[in-house]
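For reference, the structure is listed below as C-alpha cells.
The values are calculated or read from the model by the stated rules, or taken from the named source; none is laboratory data. Note that the structure is a prediction, hence the values are computed from the model and not measured. Virtual Cβ from ideal backbone geometry, glycine too; neighbours counted across all protein chains shown.
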Amino acid sequence: MTLSLSTTRDAGTCTVSIAGDVDMATVTDLERAVAAALDSGAEVVVVDLAAVTFIDSAGINALLKGRRLADERARRFRIANPAGVVHDVLDMTGVLAHLTG
Amino acid sequence: MPRRGGKALADSEEKVRRLQAVTDAALSQLGLEDLLHELLERTLDILRADSAAVLLLDQDGTELVATATAGLDREPRHEVRVPVGHGLAGAVAVRGEPVAVERYDRAGDGATDFDGALVPARTASLLGVPMLSSGRVVGVLHIGTLRPRSFTADDIELLQLVADRAGLATEARRSHLDRAAAVALQRSLLPARPPTVPGLDVAVRYVPGAQVGVGGDWYDVFDLPSGHVGIVIGDVAGSGLHAAVVMGRIRSALRAYAMETDDPADVLTRLDRKVQRFEPDAMATAVYAVLGPGLDTVTLSNAGHLPPVMMRPDEPSTLLTIRPDLPLGAYRDAGRHNTRMPLEPGQGLFLYTDGLVERKARGITPGLRRMVTVLAAAASADATCNAAMTLLDNTAPTDDVAVLAVRRG
C-alpha cells in the first residue's frame with residue numbers, strides 16, 4: 001500500500017505524477033495533491049498516471065472529483081498516460097474520455 | 001512545594017492508576033456517556049475540582065457538544081453546544097492546547113456566556129485541555145473550581161492525561177458503534193432473501209470487506225406498479241457508517257424515481273440530479289435494469305459501473321460491454337442512455353461490484369475473464385451466486401462485495 005507523489009510546475013501547467021496503488025488506503029494523498037495543484041494558481045492540472053499500478057473505485061472518484069473541482073474554479077484538469085490495468089478500468093467504467101478530454 | 005519526584009510523583013502515579021482502573025474496566029460495560037461521567041467524578045476527586053465537563057466535537061467540526069458533566073448545580077436541561085472559537089472550550093479546541101483561566105468572569109449576557117451552562121455559579125477558575133486523536137482535536141475536557149486557583153504544571157499534565165484516556169475511550173466507543181450501526185443498516189437495507197417475482201429466479205449475496213467492513217455496496221430488486229421489474233447493483237464510494245447511510249438514501253431515491261418512470265436512463269438522470277444537489281460529496285456507480293412486464297426484454301442504463309454479465313443456457317456467458325455513462329455525482333448534467341435487448345427463457349443477468357473481480361496482483365481483464373468462465377456452468381440464480389463466491393478464494397475480499405443474479409424461468 002504505497003503511493004508516491006511528485007508535483008512539477010511548468011509555465012501554466014502543474015503536473016502531479018503518481019506512482020503505486022491508488023485505493024481506499026492511499027486516495028487521500030492523491031486528493032490532497034490534486035487540491036493543492038488546483039490551488040497553486042496553475043491554469044492546467046495534469047495527473048500523470050504512467051506509474052500507477054492499480055486503481056479502484058475510490059481512486060476513480062478522486063480523479064472525477066478533481067475534474068469537478070477544476071471546473072468550479074475555471075481551471076482545466078486531465079489525466080495523462082493511463083496504462084495497462086489503469087487504462088482498462090477507466091475505459092470499462094466509462095470515465096476515460098471524460099478525464100482525458 | 002514538593003519538587004517532582006519522590007512523594008509527588010508517587011501520588012501522581014497512584015492517581016493515574018485509579019483513573020486507568022476506571023477507564024479500562026468500565027469501557028466494556030458502560031455506555032459512553034456513563035463512562036465519561038464516571039471519569040469526571042474521579043477527576044473532581046483527583047484534581048480537587050468542583051465541576052467538570054466533556055464536550056465532543058460534532059461531525060462537521062464547528063460545534064462542541066456537551067456529553068458528560070459532573071459537579072454542576074443542575075444538569076443542563078437542553079443540549080449544550082459551544083461554537084468552536086467561543087468560550088473556554090471553544091478556545092481550547094481552536095488552539096489544541098491547554099487553556100487556564102485563573103479569574104473566570106462570568107459574562108453578564110446569557111447569550112454570549114458560552115461556558116455558563118457548564119460551570120456552577122461562583123466558579124472562580126477554569127482549566128481546559130484538548131482531547132486528541134491522531135493529532136486531531138476530538139473534544140475538550142474542562143474543570144472548574146469555586147476557589148481561585150493557579151493551576152500547576154502537574155495539574156495540567158494530570159488533566160491532559162484524563163483527557164487522553166477520555167479521548168481513547170470515546171474513539172473506541174464511536175468506531176465500535178459506527179461499525180455496529182453500519183452493519184445494522186446494511187442488514188436492514190439488503191435483505192438476504194430477495195422478493196419473489198413470479199417467473200423470475202433471483203438470488204443475491206453480500207460479503208463485507210476484510211479491511212473496510214461494511215461499505216456502500218448494495219443490490220435491489222422490486223416490482224413496479226406498471227408490471228415492470230427493477231433490478232439494481234450499486235457501489236457508493238467510501239466505507240463504514242457514512243457510506244452505508246449515503247447508500248441507504250440513494251437506494252431509496254432510486255426506488256422512488258423508479259415508480260415515476262420505467263426508463264432506466266431517466267431514473268438515473270433524476271437520481272444523479274438528486275445526488276449532486278443533496279449529497280455533493282458522494283459518488284456512486286450503479287447499473288439499473290428494467291425488465292418488461294412479460295420479462296421478455298431488459299432495458300438497462302449504466303452509471304460508471306463494471307459491465308453486467310449476460311448468461312445464456314448452453315452458451316458461454318458474455319460481458320455486456322455497452323459504454324457506461326458517468327457515475328452518479330461525478331459531473332453535472334452527465335448524459336445517460338439505455339440499452340435494450342431481448343431476454344429469452346433461461347437467459348439471465350449477473351450484476352456485481354468491483355470487489356468481486358479487482359485484485360491488485362492482476363489486472364481487471366483477467367479477473368473479468370475468470371468470472372465469466374466460472375459463471376458459465378451455473379443452472380440457477382442461486383448456483384450463479386455460489387459460483388461467483390468461489391472467485392473470492394475462501395478469503396474475505398479487501399473491499400465489500402455485492403452480487404445479484406436473475407434468470408428468466
Condition met for residue B:25 (at pLDDT 85 or above and under 28 Å from the mean Cα position of the chain (by Cα)): no
Qualifying residue in segment B:129-152 (condition: at pLDDT below 90, touching an Asp or Glu at 6+ places or on another chain (Cβ under 7 Å), polar (S, T, N, Q) and not in a helix (DSSP H, G or I)): yes
Some residue of segment B:286-302 being without any contact (Cβ under 8 Å) to a residue 12 or more places away in the chain, under 30 Å from residue A:27 (Cβ atoms) and within 14 Å of chain A (Cβ to nearest Cβ): no
Flag for residue B:281 being at pLDDT below 95, surrounded by fewer than 17 Cβ atoms within 10 Å (Cβ to Cβ), over 15 Å from residue B:186 (Cβ atoms) and among the acidic types (Asp, Glu): yes
Hits in segment B:288-306 (condition: assigned to a strand (DSSP E or B) and of a type outside the set (Val, Ile, Thr)): B:288, B:289, B:291, B:300, B:301, B:302, B:303
Among residues of segment B:296-321, those that are modelled with pLDDT under 90 and in contact with a Pro (Cβ under 7 Å, 6 or more places away or on another chain), counted: 1
Yes/no for residue B:219 being of a type in the set (Ser, Thr, Tyr) and surrounded by 22 or more Cβ atoms within 10 Å (Cβ to Cβ): yes
Selection count, segment B:307-320, where residues are in a loop (DSSP other than H, G, I, E, B), farther than 19 Å from residue B:221 by Cβ and within 12 Å of chain A (Cβ to nearest Cβ): 1
Any pair with Cβ under 9 angstrom, 6 or more apart, that starts in segment A:49-66 at a residue that is in contact (Cβ under 8 Å) with a residue 40 or more places away in the chain and ends at one that is of a type in the set (A, V, I, L, M) and part of a helix (DSSP H, G or I): A:62/A:27; A:62/A:30; A:62/A:34
Failed condition for residue B:368, given (1) within 27 Å of residue B:267 (Cα to Cα); (2) at pLDDT 90 or above; (3) buried (at least 20 other Cβ atoms within 10 Å of the Cβ): (1)
Count of residues meeting criterion [without any contact (Cβ under 8 Å) to a residue 60 or more places away in the chain and surrounded by 13 or more Cβ atoms within 10 Å (Cβ to Cβ)] in segment B:342-359: 5
Which numbered condition residue B:186 misses (of (1) in contact with a helix residue (DSSP H, G or I) (Cβ under 8 Å, 6 or more places away or on another chain); (2) farther than 27 Å from residue B:340 by Cβ; (3) without any contact (Cβ under 8 Å) to a residue 40 or more places away in the chain): (3)
Residue that is farthest from the other protein chains (Cβ to nearest Cβ), among those in segment B:321-380 that are in a helix (DSSP H, G or I) and among the hydroxyl-bearing types (Ser, Thr, Tyr): B:373
